[in-house]
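Read the figures in this text as sums done on the coordinates, not as results from a lab. As the structure is a prediction and not an experimental result, all values here were calculated from the model. Cβ atoms come from the backbone with ideal geometry, glycine included; neighbour counts cover every protein chain shown.
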Amino acid sequence: MDDAAANDLSVGELAARTGVQAATLRTWETRYGFPRPRRGPGGHRRYRDRDVALVEQVLRLRGAGVSLPAAIAQVIAGAAQLEPSVFTGLRRHHPDLPAQVLRKSTVLALTRAIEDECCARAERPLLFGSFQHERYFRGSAARWRDLAMTARLTVIFAEFDGPEGTSAPAVESGSLIMLPLPADAPLRREWSLVCESAQYPACLSGWELPGQHGIADADRRFEVVWTLAPAVVRDAAQICALLAESLAPELRLARMLSSGTPPSPSADLQRATGLLSRMTGYLEAAS
């Protein structure tokens, strides 16, 4: 048995991870073709870590009032396509997220504020960062090594050169992995940070606007979305995990995502997020 198969889940384990009874999962499979298991040598159902996230997506849609057949159809359709980037995935699945056009200096300030809070709380988060080019990561490398010391795992996407010119992941330590992006990867146009944890979820993703040749680095402009909403952050983390696995399948990051249905953001959190967005907008206008 290969390592991937050894890490597969039984229907009972999938039920335990999602809170959906095994009998219900079998009924869904019979009626809707979901979730779709592999079959082991003895004919037993075997599931991937990604199936946990897909079932949880169905539960979130059901909680939002979507019918079971429609929820399953929506999740199946979304699972058929690997999101090419964090920004694209968030805009597709959460079109109500407000977007702001911000200078890179403002994006960097927001990113560092999230990093500092994440590091201060030391909650063993799962961290993802997308830096476009290696030189941008190197400017923040010391901070991210510190963050990695208290994270379950830290994954960096950038235009890295792999060992001996290959695209293999480079591992600096047991919890810091650097993944080189292919030349045509949409992530090369993005600046993203995802902090997936039970108590302090946060994510920010910005797409660099085209046509900015010759503009000072700090003044480059990005269309940015950011949020502290647990369900949205979970989706961003899943996008990152699947992108990482597409670059390095041996990582199997999806199994590290938090299980269970994320809570809805509180009214206080929504108000605080709205206030900070307004402050950011005024700071941009004044600069």
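Sketch the reach of a paramagnetic label on residue 74 as a point 7 Å from Cα along Cα-to-Cβ, and name the residues of segment 195-231 whose backbone nitrogen lies under 17 Å away.
230-231
What ranking, highest mean first, results for peptides 190-199, 273-282 when packing means the other Cβ atoms within 10 Å averaged over each residue? Spell out each step's value before the answer.
On the way: 190-199: 22.2, 273-282: 12.9.
Most protected by this proxy first, the peptides run 190-199, 273-282.
Let me know the Kirkwood hydrodynamic radius for segment 3-79, please, with Cα pairs as the basis and the value in Å to one decimal. Present the calculation step by step, with values, prior to reporting the outcome.
Details: mean 1/r = 0.0792 Å⁻¹.
Radius from the Kirkwood sum: 12.6 Å.
Work out how much length residue 284 to residue 44 would gain on full extension: take 0.36 nm times their residue separation and subtract the Cα-Cα distance, in nm to one decimal.
Working: separation 240, 0.36 × 240 = 86.40 nm, distance 5.72 nm.
So the extension gain works out to 80.7 nm.
Give the peptides 16-23, 175-182 in descending order of average Cβ contacts within 10 Å, highest first.
Details: 16-23: 15.4, 175-182: 19.9.
Answer by packing, highest mean first, reads 175-182, 16-23.
So how much slack lies between residue 10 and residue 116, counting 0.36 nm per residue of separation and subtracting their Cα-Cα distance, in nm?
Working: separation 106, 0.36 × 106 = 38.16 nm, distance 3.91 nm.
Gain on extension, residue 10 to residue 116, equals 34.3 nm.
How long is the gain from residue 216 to residue 199 if the chain were fully straight, where each residue apart is worth 0.36 nm and the alpha carbon distance is subtracted? Walk me through the intermediate numbers first.
Working: separation 17, 0.36 × 17 = 6.12 nm, distance 3.71 nm.
Here the segment from residue 216 to residue 199 would lengthen by 2.4 nm.
Between residue 271 and residue 27, what FRET efficiency comes out of the Förster formula 1/(1 + (r/R0)^6) with R0 = 41 Å and r the beta carbon distance, rounded to 0.05? Provide the component values of the computation, followed by the final result.
Values: r = 41 Å, r/R0 = 1.01.
The computed FRET efficiency comes out at 0.50.
Among 124-130, 212-218, 56-62, what's the highest-first ranking by average C-beta atoms within 10 angstrom per residue?
The packing order, highest mean first, is 124-130, 56-62, 212-218.
State the Cα centre-to-centre distance between segment 185-245 and segment 7-49 in whole Å.
About 32 Å separates the Cα centre of segment 185-245 from the one of segment 7-49.
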